[in-house]
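Worksheet: one structure, shown below.
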Amino acid sequence: MAMRENSLLRTPDFWHKENSKRCYEKAKEFLPGGVTANIKHFPPYPITMKRGEGAYIVDVDDNRYIDLLMGYGALALGHGHQKIKEAIEEQFQIDGTHLFGTPHEKEVSFAKRLQEHMPSLEKIRYTNSGTEATLLAVRLAYAYTGKKKIAKFEGHYHGGFEEVLYSITPTISEAGPGENPHPVPESSEIEAGTDEDTVILPFNQIEDCKNILRRYKDELAAVIVEPVQGGFIPASRSFMKQLREVTKELGIVLIFDEVKTGFRTGLQGAQGFYNIKPDLTALGKVIGGGFPFGVVGGKDEIMMESSPNKGKDLFDAQTAKQAANKSDVLFHSGTYNGHPMILAAGHATLDVLEHEYHDTEKRTNQFRKALEDMFSAYGYPMITVGTGTIFSVVLTEKERLINYRDFQKTNLQLRKQFDYCMLREGVYTKPLNRYSMATVHGDDVIESILQSTERVLQRGGLSPIRDKE
Ligand SMILES: Cc1ncc(COP(=O)(O)O)c(C=O)c1O
């Protein structure tokens with residue numbers, strides 16, 4: 001059914017941010033498209049920020065916003081948290097430098113702490129981003145199984161390397177049948193033939209997944225999954241349980257990509273929430289306290305593929321000889337891996353979250369309920385979809401979403417316009433993005449967002465919204 005004209009749907013005419021515009025024009029002279037990551041762009045031009053504090057950020061035109069993006073979820077404590085500042089300063093003070101390029105005590109203390117939260121992390125490696133973490137996880141699975149294909153889910157994002165750059169945001173016309181989706185490249189220049197090494201699975205459709213996995217079982221090294229798609233559409237418990245069972249049965253490594261859900265879907269991540277033990281886990285965002293960081297952890301025997309001596313004693317001449325064969329060891333290295341100051345920021349983040357996570361989750365749930373009630377009062381069918389401290393506002397008449405195709409049928413256009421209106425009100429998120437709550441989103445901040453929401457909905461009128469057929 002066609003959508004009726006609605007004032008929320010009009011192109012915003014309020015976009016007068018002189019300095020942001022100037023920054024954008026200047027940036028284009030130096031940076032392709034004026035940005036250093038494509039995700040930072042949105043039309044007519046992105047807003048350039050210059051300061052952040054707690055729940056707030058300020059742009060170069062001196063507009064202040066409540067931040068709901070929170071560095072795409074990385075800032076679980078908000079901006080410039082005192083504990084993070086102190087941890088970094090103290091680490092610098094103690095170490096006298098900010099980089100050794102040698103082992104450091106914090107590498108071990110942080111690994112131990114992560115393992116206490118996620119016991120599936122029997123051994124741990126650090127990386128410099130979530131992308132590096134998922135890349136290492138996939139390569140570990142190749143090395144361990146000797147197989148060369150991976151399976152990923154339609155609509156799931158795992159970073160920017162070839163095997164996973166398929167079917168993140170495919171158009172439905174390209175994406176093939178719902179029960180057996182086609183791999184759709186997400187980027188130019190993906191090597192010809194690579195798509196044959198990436199199998200696409202439909203999320204939350206266990207029987208279809210089982211059929212596909214059985215078909216490719218001899219070639220599949222791993223299934224990589226965002227247990228909560230896009231950080232907000234949760235797998236059903238039964239889906240997750242059966243996915244674990246079938247991958248175990250078929251000898252396929254199960255990788256949980258918890259870059260978004262780690263320390264956001266509870267302090268044990270999605271694996272705690274679902275009570276599932278994946279073979280490998282990739283983490284990022286929150287655990288780096290807002291700094292570039294990633295973690296891969298998992299089963300000892302898989303992780304040991306990357307050990308320089310693969311468990312053998314290098315000082316034993318006999319085994320050292322065997323271990324010297326480089327092709328036996330999965331390459332993993334990095335100048336900045338296990339950066340002491342980032343590990344200090346990670347520790348500080350956990351110090352705070354271990355005390356404040358549950359209150360933040362409680363406030364998130366109250367906020368979600370208040371938003372749903374408000375949208376409903378103004379005649380807009382809307383559900384909030386999420387777990388823990390992340391959720392998205394989804395304009396739909398459905399009661400539940402199960403995957404990417406469901407989400408595409410919701411009223412994304414209206415959601416986008418709502419986001420632009422909220423920007424005008426001083427509530428920041430990248431249009432269409434999920435909301436990532438932080439410990440600093442207290443009751444007063446949430447109340448202020450609700451007031452802004454009410455003003456936007458009042459202006460928007462009461463026209464009914466329909467899902468796409
Ligand atoms: C689930 C997931 N995996 C991997 C990544 C990549 O992480 P990074 O941006 O740190 O490379 C992201 C980033 O948003 C993510 O959400």
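The values are calculated or read from the model by the stated rules, or taken from the named source; none is laboratory data. Bear in mind the structure is a predicted one, so any value in this text is a computation, not a measurement. For neighbour counting, all protein chains shown are included, and Cβ atoms are generated from backbone atoms with ideal geometry for every residue, glycine included. Please note that ligands, DNA and RNA were not included when accessible areas were found on the heavy atoms of the full protein model with its side chains. Shrake-Rupley method; radii C 1.70, N 1.55, O 1.52, S 1.80 Å.
For this structure, a couple of remarks:
- Relative contact order (%) - criterion: Cα under 8 Å, at least six apart; region: the chain: 22 percent
- Modelled spin labels at residue 326 and residue 93, positioned 7 Å past Cα toward Cβ, are 4.4 nm from each other.
- Sites residue 214 and residue 236, calculated FRET efficiency, Cβ-Cβ separation with R0 30 Å, nearest 0.05: 0.90
- FRET efficiency for the residue 248 to residue 169 pair, using the beta carbon distance and R₀ = 22 Å, is estimated at 0.10.
- Acute angle (nearest 10 degrees) that the helix 18-30 long axis makes with the longest principal axis of the chain, alpha-carbon atoms: 40 degrees
- Amide H to amide H distances under 5 Å link residue 151 with 199, 222, 223, 224, where only residues 5 or more positions off or on other chains count and H is placed in the peptide plane.
- Over the residues of the chain, the helix contribution to mean residue ellipticity at 222 nm works out to -12000 deg cm²/dmol, using -39500 (n - 2.57) for each DSSP H run of at least 4.
- Under 16 Å from the Cα of residue 398 - aspartates and glutamates, other chains or at least 8 residues apart: 372, 373, 406, 467, 469
- Principal-axis tilt of helix 82-95 within the chain, Cα atoms, nearest 10 degrees: 30 degrees
- The residues of the stretch 100-338 expose, per residue, 42 Å² of accessible area to a 1.4 Å probe.
- Label-zone membership for the stretch 256-275, site residue 356, 7 angstrom Cα→C-beta point, backbone N under 16 Å: 263-264, 267
- Projected label points at residue 372 and residue 39, each 7 Å from Cα along the beta carbon direction, are separated by 2.7 nanometres.
- Ligands, DNA and RNA left out, the accessible area of the chain computed with a 1.4 Å probe is 51% carbon and sulfur.
- Structure note, pairs 17/50; 248/409; 149/299; 106/152: Cα-Cα distances above 22 angstrom occur for 248/409; 106/152.
- A Förster radius of 41 Å, combined with the Cβ-Cβ distance separating residue 409 from residue 100, puts the computed FRET efficiency at roughly 0.20.
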